[in-house]
Structures are given as structure tokens and as C-alpha cells.
Amino acid sequence: MKRLGIIICDRYRSCAGGKCLRSLRQREGAFSRYRDEEVELVGYTTCDGCPGGNVEYAPEEMKKNGAEVVHLATGLLVGYPPCPYIDEFTRFIETKYDMEVVLGTHPIPQNYFDTHDALGTWTGKEWRNRLQDTLTDEGMRRSYD
């Protein structure tokens, strides 16, 4: 069984997690990697707002609960502006806690895709790499609007 935690952007702190949990259950978006595995969500929290103070401590609790992987939620990628600390969060968690970090949870909703496409936010190779697990086809994106 693969155990994982999710860290969401604090600007979405009132989010009930519906899209993340749906995509985990249906193995869509970044959770498609677990298509043939059982998974257990062992932690879910916010980053605690910029510059992400909770990222310093939350992965430790998740790891104590058995987490092997931390997903930095799709909201960190699609909010405007996208999280300016996402690369630092990734390096920190991988280095300090020796845990895999995956960028994203649920597929990018089409409305966010359209906005960022119009603004040119996601240009460059680094963005293709960051979005690779959540950038699905248009039909899937529309189902997450």
C-alpha cells in the first residue's frame, strides 16, 4: 500500500478537498500513477500561507503516519500567481525528509487552463515539467471545472 500526504495552498484553506479526493479515488491527474496500487491518505494540510511555514513541519508528521509521498496540490500550480515557492518546497521535503514529492493532485480544471494560457503563465520547459502529471485532455479538465 502506498501512503501519501497532501499539502494545499493556504489561499484555499477552506477547500473541502473534493477535487483532490475525487481524483485520488478515481486515480486521475497526478494520482494516475497509483492506478494499480492501493493508497491511503495519511495527511492533509495547508502550507500555512506564504512563505509556507507549515511545509517545514507537516511532512514530518505525515512521515510518522507512514507517508512515503507528499503531493503538493494542484492549487499551488493553478492559483494566480502560481506558488513562487513550489521548487523550494520540493527540494526541502525531498532533502530533509527523504520523501518523494509529486507536483499536483487533481487534473487542472479547464477554467484555470484557459486563464493561464491567455496570460502566458505556463511558458517554458520548467512549467511543462511541473504540469506534466495534471495536464490532461480537455474533456478531463472540463470535468474538474
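A cut-off of 5 Å between modelled amide H atoms, ignoring neighbours fewer than 5 places along the same chain, links Thr74 with Gly104, Thr105, His106. Other residues with beta-carbon under 12 Å from the beta-carbon of Lys19 carry, at +1 per Lys or Arg and -1 per Asp or Glu, a net charge of +1. Summing Cβ point charges (Lys, Arg +1; Asp, Glu -1) relative to the Cα centre of the chain gives a dipole of roughly 240 debye.
The label point for Arg128 and the one for Arg142, both projected 7 Å from the Cα toward the Cβ, are 2.6 nm apart. Projecting the Cα atoms of Tyr34, Gln110, Ala67 onto the dipole axis of the chain, where Lys and Arg carry +1 and Asp and Glu carry -1 at the beta carbon, places Gln110 farthest toward the positive end.
The helix-only estimate of mean residue ellipticity at 222 nm for the chain, built from DSSP H runs of length n ≥ 4 each weighted as -39500 (n - 2.57), is -10000 deg cm²/dmol after division by the residue total.
For segment 129-145, the Karplus equation 6.51 cos²θ - 1.76 cosθ + 1.60, evaluated at θ = phi - 60°, returns couplings of 5, 5, 8, 3, 7, 10, 8, 9, 6, 4, x, 5, 4, 5, 5, 9, 5 Hz by residue, with Gly and Pro reported as x.
Count the lysine pairs in the chain whose Cα atoms lie under 24 Å apart, taking only pairs 8 or more positions apart in sequence or on different chains.
Working: Lys2/Lys19; Lys2/Lys63; Lys2/Lys64; Lys2/Lys96; Lys19/Lys63; Lys63/Lys96; Lys64/Lys96.
The number of close lysine pairs in the chain is 7.
Size of the chain: Rg and Dmax of its alpha carbons, in Å, are 14.2, 42.
Only the coordinates and a few stated rules stand behind these numbers; no lab work does. As the structure is a prediction and not an experimental result, all values here were calculated from the model. Backbone-built Cβ (ideal geometry, glycine too); neighbour counts: all protein chains shown.
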